[in-house]
1. For residues that are assigned to a loop (DSSP other than H, G, I, E, B) and surrounded by 10 or more Cβ atoms within 10 Å (Cβ to Cβ), scanning just segment 33-58, find the one that is modelled with the highest pLDDT.
2. If a residue has to be under 24 Å from the mean Cα position of the chain (by Cα) and assigned to a helix (DSSP H, G or I) to count, how many in segment 1-20 make the cut?
Amino acid sequence: MRLVCLLLALISQGCVTVRPWQRERLSRRCMEMDGPASSASFEAHVRAVRSGDVAAAGAGGGGCGCN
């Protein structure tokens with residue numbers, strides 16, 4: 001019974017109406033899913049190093065992350 005009540009409480013949180021003064025906070029740049037362009041290039045670098053594939057710059061990659 002407790003588990004059902006807990007799950008119901010968690011699911012009902014997604015049904016909340018966003019008020020106008022809360023929309024201002026949600027529309028800020030820091031709340032974007034993509035983030036700044038510098039973080040996108042960093043994430044691409046991390047993916048290339050971890051996978052060991054050829055990096056976006058065309059250089060062959062290893063798995064160690066050494067430059």
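The values are calculated or read from the model by the stated rules, or taken from the named source; none is laboratory data. This structure is a prediction, so every number in the text was calculated from the model and none was measured. When we count neighbours, we look across all protein chains shown, and the Cβ atoms used for this are built from the backbone with ideal geometry, even at glycine.
1. Filtering segment 33-58 down to residues assigned to a loop (DSSP other than H, G, I, E, B) leaves 33-36, 52-58.
Imposing the further condition that a residue be surrounded by 10 or more Cβ atoms within 10 Å (Cβ to Cβ) reduces the set to 35-36, 52-56.
Values: Gly35: 59, Pro36: 64, Gly52: 68, Asp53: 59, Val54: 57, Ala55: 49, Ala56: 53.
Per the stated criteria, the residue is Gly52.
2. Here is the first cut: in segment 1-20, the ones under 24 Å from the mean Cα position of the chain (by Cα) are 10-18.
Subset that is assigned to a helix (DSSP H, G or I): 10-15.
Within segment 1-20, residues that are under 24 Å from the mean Cα position of the chain (by Cα) and assigned to a helix (DSSP H, G or I) number 6.
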